[in-house]
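Here's the structure we're looking at; comments come further down.
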Amino acid sequence: TVGAVAVDACGNVAAATSIGGITGKLPGRIGDSPVLGAGTYADNESGAVSATGHGESIMRFNVVSRVLALVHHSNCTIQQAAAQVLGEMTKRFNETAGIIAIDHRGQLGIYFTSQRMSWAYQRGAELHCGVDPDEDEFENV
Amino acid sequence: IQPTVLVHGGSGNIADIKLPKIRLGVKRAARIGHDVLQRTGSVLDAVEQAVNSLEEDINFNAGYGSALTYESQVEMDAAIMHGAQLEAGCVSLVRDIIHPITLARRIMENTRHRYLAGEGAMRIAAAEGFDILPKGALVTTASLESLAKFKKILNKTGGSNSYGSPG
């Protein structure tokens with residue numbers, strides 16, 4: 001799966017997710033990516049999220065909706081919300097996932113329960129990138 | 001708020017040998033998205049162009065380089081959403097176009113629906129002037145090898161692994 005989230009100076013957010021699916025899937029199989037609230041969602045009142053990982057589990061757990069609901073209705077940061085929801089999903093289904101997120105204040109969430117997830121973001125002249133947990137490679141562009 | 005574009009290129013057990021190209025791909029996508037955001041001021045343009053970049057990159061499971069069905073076909077899904085008015089467009093079971101995310105956006109903007117799949121989605125692609133590629137054009141050597149490996153494992157385990165590694 002690939003995905004992107006963005007925020008502008010006014011707090012407008014957007015999300016996009018695109019996927020080829022799972023190797024060896026049955027024809028007609030649809031995962032979480034195109035399902036709003038499962039793999040993709042954006043709302044200026046909370047934030048924007050794109051998910052990746054085990055689609056059947058992400059869809060059943062409504063991962064992205066849960067993350068944004070936590071941000072909207074509690075004092076969770078988007079990073080805390082991501083960690084909580086993905087932790088719960090992995091506990092319930094024994095499957096892994098990852099998300100990228102930006103909340104309506106511009107705070108970022110990058111979290112995954114899988115071994116690795118590739119991500120990158122640019123903010124001003126700073127370009128950050130990572131693949132392994134806690135990795136944050138930084139360069140000026 | 002400082003304008004920001006954040007991208008991902010998928011999760012799972014990414015092999016060490018793939019890392020340099022994967023890092024390059026996500027960094028390129030973030031830069032493209034950020035440049036578009038700076039130039040147009042549109043978060044929707046930014047996420048679409050960032051994802052377009054990854055769909056064109058053979059190293060990611062989307063567009064060119066997508067995972068294959070059991071019958072060696074590419075079937076892609078995508079969704080795009082803007083947070084201001086909760087406008088959204090979604091597509092499923094899309095074949096033979098390199099940018100499903102752009103098709104999702106066209107469905108959002110140019111149809112009375114928000115989610116189209118299969119033949120209906122492909123008709124919109126044709127009507128919107130998408131370049132419909134020859135059958136199999138999005139299939140890569142790597143995706144064929146992954147499918148062959150998956151089928152081999154499936155035979156060994158007697159079907160206990162119902163799907164390959166997740167996207």
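The values are calculated or read from the model by the stated rules, or taken from the named source; none is laboratory data. Since the structure is predicted, the reported quantities are computational estimates derived from the model, not experimental observations. Every residue, glycine among them, receives a Cβ derived from its backbone with ideal geometry; neighbour counts consider all protein chains shown.
Would a scan of region B:9-31 turn up a residue that is under 11 Å from A:Ala6 (Cβ atoms), without any contact (Cβ under 8 Å) to a residue 40 or more places away in the chain, crowded, with 23+ Cβ neighbours inside 10 Å and among the hydrophobic types (A, V, I, L, M, F, W, C)? Checked against the condition, which is being under 11 Å from A:Ala6 (Cβ atoms), without any contact (Cβ under 8 Å) to a residue 40 or more places away in the chain, crowded, with 23+ Cβ neighbours inside 10 Å and among the hydrophobic types (A, V, I, L, M, F, W, C), region B:9-31 yields at least one hit.
Would you check if there is a residue in region B:9-21 being in a loop (DSSP other than H, G, I, E, B), within 28 Å of A:Thr113 (Cβ to Cβ) and not polar (S, T, N, Q)? Within region B:9-21, one or more residues are in a loop (DSSP other than H, G, I, E, B), within 28 Å of A:Thr113 (Cβ to Cβ) and not polar (S, T, N, Q). The combined condition, being in contact with a helix residue (DSSP H, G or I) (Cβ under 9 Å, 6 or more places away or on another chain), within 18 Å of A:Leu108 (Cβ to Cβ), in a strand (DSSP E or B) and without any contact (Cβ under 8 Å) to a residue 40 or more places away in the chain, is not fulfilled by B:His34. Quick one: would you say B:Leu44 is among the hydrophobic types (A, V, I, L, M, F, W, C) and touching a residue at least 60 places away in the same chain (Cβ under 8 Å)? The answer is yes for B:Leu44. Scanning region B:95-106 turns up no residue that is more than 16 Å from A:Gly20 (Cβ to Cβ), more than 14 Å from chain A (Cβ to nearest Cβ) and not small (Gly, Ala, Ser). When you scan region B:143-153, do you find a residue that is assigned to a loop (DSSP other than H, G, I, E, B), within 9 Å of chain A (Cβ to nearest Cβ) and among the polar types (S, T, N, Q), even just one? So far as region B:143-153 goes, no, none of its residues is assigned to a loop (DSSP other than H, G, I, E, B), within 9 Å of chain A (Cβ to nearest Cβ) and among the polar types (S, T, N, Q).
I'm trying to understand the selection: among the residues of region B:1-34, which are farther than 15 Å from B:Asn52 by Cβ and more than 7 Å from chain A (Cβ to nearest Cβ)? B:Ala15, B:Asp16, B:Ile17, B:Lys18, B:Pro20, B:Lys21, B:Leu24 - these are the residues of region B:1-34 that are farther than 15 Å from B:Asn52 by Cβ and more than 7 Å from chain A (Cβ to nearest Cβ). Answer yes if at least one residue in region B:76-84 is surrounded by fewer than 24 Cβ atoms within 10 Å (Cβ to Cβ) and over 14 Å from A:Ala14 (Cα atoms), and no otherwise. The answer is no, given that none of the residues of region B:76-84 is surrounded by fewer than 24 Cβ atoms within 10 Å (Cβ to Cβ) and over 14 Å from A:Ala14 (Cα atoms). Which numbered condition in (1) at pLDDT 95 or above; (2) part of a loop (DSSP other than H, G, I, E, B); (3) under 28 Å from B:Lys18 (Cα atoms) is the only one that B:Phe130 fails? Status for B:Phe130: all satisfied but (3). Region A:87-141 holds strands (runs of 3 or more DSSP E) entirely within its bounds, and those carrying 3 or more residues that are within 22 Å of A:Leu70 (Cα to Cα) map to A:97-103, A:108-112. Among the residues of region B:107-117, is any touching a helix residue (DSSP H, G or I) at 6+ places or on another chain (Cβ under 7 Å), buried (at least 24 other Cβ atoms within 10 Å of the Cβ), more than 25 Å from B:Arg31 (Cα to Cα) and among the β-branched types (Val, Ile, Thr)? Looking through region B:107-117, at least one residue is touching a helix residue (DSSP H, G or I) at 6+ places or on another chain (Cβ under 7 Å), buried (at least 24 other Cβ atoms within 10 Å of the Cβ), more than 25 Å from B:Arg31 (Cα to Cα) and among the β-branched types (Val, Ile, Thr).
Picking from residues in region A:113-141 that are β-branched (Val, Ile, Thr) and within 8 Å of chain B (Cβ to nearest Cβ), the one that is surrounded by the fewest Cβ atoms within 10 Å (Cβ to Cβ) is A:Val141. If you filter region A:87-112 down to residues that are farther than 21 Å from A:Val7 by Cβ and in contact (Cβ under 8 Å) with a residue 24 or more places away in the chain, you find that the one that is surrounded by the most Cβ atoms within 10 Å (Cβ to Cβ) is A:Ala97.
Tell me yes or no: at least one residue of region B:43-59 is over 20 Å from B:Cys90 (Cα atoms), within 7 Å of chain A (Cβ to nearest Cβ) and not in a helix (DSSP H, G or I). Among the residues of region B:43-59, not one is over 20 Å from B:Cys90 (Cα atoms), within 7 Å of chain A (Cβ to nearest Cβ) and not in a helix (DSSP H, G or I), which makes the answer no.
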